[in-house]
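Here the structure comes first, spelled out in structure tokens, and everything after it is commentary.
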Amino acid sequence: MSVRVRFAPSPTGYLHIGSARTALFNYLYAKHVGGKFLLRIEDTDLARSTEESTRSILDGMKWLELEHDEEIVFQSDNADKHRATARKLLTEGKAYRDFTPKAEPSDQNVKEGIAERARAAQGVKNMRDNPFRDISEVESDARAANGEPFAVRLKVAETGKTSFEDAVYGLQERSYADTEDLVLLRSDGHPLYNLAVVCDDIEMRITHVIRGQDHLTNTHKQVLIYEALGITPPIFAHLPLIMAPNKGKLSKRKHGEVVSMTTYRDAGFLAAAFRNFLALLGWSASEEKEIYSLTELIDKFSLEGIHRSNAVFNFTENDPRKWTDDKAIWMNAEYIRTMPLADLLPFVKAELKSAKLWRDEYEPEGRALTATIDSTESQAFESEIEIAERPAAIALDVLEVGSYDWYVRTIALIRTRFFTLKDFSAQGRAYFSEDYDFDPAAIAKNLNKFADLKTWLPELADRFEAEFGDADVSSPTVREGFTTKPFTEENIETVVKSFTEEKATKLGVIMNGARTLLTGVAVGPSMLSVFETIGMERSILRLRSGIAWAEILPDTTLSSHG
RNA sequence: GACCGGUUCGUCUAGGGGUUAGGACACCGCCCUUUCACGGCGGCAACACGGGUUCAAAUCCCGUACCGGUUACCA
């Protein structure tokens, strides 16, 4: 029998990080064993389910690239079948009508109320004390025929226990005495969760139920329904929960956007990286390795590798630097820095486009750069990128700023310090636009402290112009007839070094000042490569520009010795 | 309260009778470097507690503590 698993979220909000991991594990297991990964929307709670939420969940799944097999099942479509099942159990005497009037839902916290009631009962409640449990069939039928409202409850036997072998938690047993006669059908005829789940899992021929540990005790109730129906239950595998840093529940209400999948998509995370991170929360392949491709994950995934203890999703509220789990950020940076450039480029393109920084010249001529390049084309393309990535291999000593080759090489250069895709349009903005911001901290540290730079840097620009000025950057290979050198790292270094000596200052002072003016930020790749990448013309322009200087505080009187 | 589950560095985890208890993130230091959030090297840091079994316990058993889940005519 082939394996069929399902991810069954209830559409009462966006895709929660815990649900996303449940979906991932189901997906990985299905793919590992060559089974089917199905999706069922558990929308039986009409009051709370929304279409928008369903869409958001689907969006999240799509972003994570967890494609489901077969049609989506909407649980609400099966309500009639659920009711029929309940009726069947009723006629077989395995369930009974409960004519107890429906209790008014308390207006305070529902969960709190339940716990309170349970505490009051001192845990000695007799689960078989429902007065309608044993009324005669005749009386029950008569009252029902009379229009009296009733809920349908499963008739749990007086003595015995339910048991099942959980693939993660091992043998689970529970005395009947601890399980109430659960409600199958509400008095308004609405099927309840446990009934609906069992019916649908049977209908969908689910073989393995992989879900959160919060359902571990529910499972006993479901086993009871399977037994009443005379059907062998599927294999259950419960997952440890993902908790907040205080080991409490991780919820939208308390923790906000950090728990939503769309947050990560919008924050510039790569799905592959986030998937990788999620996979390692509650599962491990028992090896000293952190980076796993999807194929590796599928290959190595097993139910045996799932943990039994909850995992903390570590983040610090109100700390922008640690707004989400450090390891997730690191993982994303790792992907951005080390994944094949050809795979990264489409994501960078999308980011630059949405920031209005994209230019069509960045597209390789005659080819559309998309995420799905066929293999032969992709190979040719990759070797081209390899060339661009390896400065030494480039025939030209200067790349034309704004060209495709320049673009690819720039991305290869700047990605080494980036954490998210957003960095390409934020920190990296100065590479693609003249309209970029200056980080006040960078100005304070690299410009304000050295007042002489205000005259030095424009002077450096003059020097650049004199040294490199009439080199034809548009056809840099043609060098004959020109008296000046090409604007390359090596030549730039010579010029800047002698300039520094003339001014009797440290190289760092000049370089850092220039970096701030040229890029607006205090960090980045080697400054020589930044000069080269920004290009001669723009470098000169920016060194002369007074934009950043305008932000210098008026009381700055520090000398260059500072 | 009752029932069920869990407990290895701050966090994610490896290890399941004999290990200097390993890795990753974070943090710190050094190196590289003009800067840096890149890179390299190194450091700090953990078996919840108490009993037992055993020549030997992080590992097996019992208890305690703590944490979590469930206890709905929610899902």
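The values are calculated or read from the model by the stated rules, or taken from the named source; none is laboratory data. None of these values were measured; they are calculated from a predicted model. Reconstructed Cβ throughout: ideal geometry from the backbone, glycine too, with neighbour counts over all protein chains shown.
Laid out as a table, the results:
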{"quantity": "Any hit, segment A:183-190, residues being under 38 Å from the mean Cα position of the chain (by Cα) and either under 30 Å from A:Ile306 (Cβ atoms) or hydroxyl-bearing (Ser, Thr, Tyr) (or both)", "calculated": "no"}
{"quantity": "Near pairs, Cβ below 7 angstrom, 6+ apart or cross-chain, from segment A:233-248 (under 17 Å from A:His307 (Cα atoms)) to any residue that is among the acidic types (Asp, Glu) and within 12 Å of RNA strand B (Cβ to nearest atom)", "calculated": "A:Phe236/A:Asp166; A:Ala237/A:Asp166; A:His238/A:Asp166; A:Leu241/A:Asp214"}
{"quantity": "Unique residue being surrounded by 12 or more Cβ atoms within 10 Å (Cβ to Cβ), of a type in the set (A, V, I, L, M) and closer than 30 Å to A:Asn310 by Cβ when the list is A:Ala95, A:Ala177, A:Ala151, A:Ala121", "calculated": "A:Ala177"}
{"quantity": "Single condition A:Lys449 does not satisfy, out of (1) farther than 29 Å from A:Ser498 by Cβ; (2) among the basic types (Lys, Arg); (3) surrounded by fewer than 20 Cβ atoms within 10 Å (Cβ to Cβ)", "calculated": "(1)"}
{"quantity": "Residue within segment A:178-200 that is of a type in the set (D, E, K, R) and assigned to a strand (DSSP E or B) present", "calculated": "no"}
{"quantity": "Subset of segment A:346-368 that is out of contact with any helix residue (DSSP H, G or I) (no Cβ under 6 Å at 6 or more places or on another chain) and not in a helix (DSSP H, G or I) - its residue that is modelled with the highest pLDDT", "calculated": "A:Lys356"}
{"quantity": "Number of positions in segment A:424-463 that are in a helix (DSSP H, G or I), under 29 Å from A:Val348 (Cβ atoms) and at pLDDT 90 or above", "calculated": "6"}
{"quantity": "Residue in segment A:37-44 that is under 23 Å from A:Ser284 (Cα atoms) and in contact with a His (Cβ under 6 Å, 6 or more places away or on another chain) present", "calculated": "yes"}
{"quantity": "Members of segment A:17-75 that are among the small types (Gly, Ala, Ser), in contact (Cβ under 8 Å) with a residue 12 or more places away in the chain and either assigned to a helix (DSSP H, G or I) or within 16 Å of RNA strand B (Cβ to nearest atom) (or both)", "calculated": "A:Gly18, A:Ser19, A:Ala20, A:Ala23, A:Ala30, A:Ser49, A:Ser53, A:Ser56, A:Gly60"}
{"quantity": "Total residues in segment A:305-317, condition within 7 Å of RNA strand B (Cβ to nearest atom) and touching a helix residue (DSSP H, G or I) at 6+ places or on another chain (Cβ under 6 Å)", "calculated": "0"}
{"quantity": "Any helices (runs of 4 or more DSSP H) falling wholly within segment A:78-175 and containing at least 1 residues that are away from RNA strand B (no atom under 13 Å from the Cβ) and in contact with a helix residue (DSSP H, G or I) (Cβ under 8 Å, 6 or more places away or on another chain)", "calculated": "A:79-91"}
{"quantity": "Candidate set: segment A:201-219, residues that are charged (D, E, K, R) and in a helix (DSSP H, G or I); chosen: the one nearest to the chain's Cα centre (by Cα)", "calculated": "A:Asp214"}
{"quantity": "Tabulated pairs, segment A:85-103, first within 15 Å of A:Ile231 (Cα to Cα), second part of a loop (DSSP other than H, G, I, E, B) and more than 7 Å from RNA strand B (Cβ to nearest atom), C-beta under 8 angstrom, 6+ apart or interchain", "calculated": "A:Lys94/A:Lys155"}
{"quantity": "Residue identified as surrounded by fewer than 19 Cβ atoms within 10 Å (Cβ to Cβ) and hydroxyl-bearing (Ser, Thr, Tyr) among A:Thr12, A:Thr22", "calculated": "A:Thr12"}
{"quantity": "Hits in segment A:307-345 (condition: in a loop (DSSP other than H, G, I, E, B) and of a type in the set (Gly, Ala, Ser))", "calculated": "A:Ser309"}
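Let's see how each residue does on (1) among the hydrophobic types (A, V, I, L, M, F, W, C); (2) touching a residue at least 12 places away in the same chain (Cβ under 8 Å); (3) near RNA strand B (Cβ under 10 Å from one of its atoms):
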residue: A:Ser498; (1), (2), (3): no, no, no
residue: A:Ala504; (1), (2), (3): yes, no, no
residue: A:Val509; (1), (2), (3): yes, yes, yes
residue: A:Val521; (1), (2), (3): yes, yes, yes
residue: A:Gly524; (1), (2), (3): no, yes, yes
residue: A:Ile534; (1), (2), (3): yes, yes, no
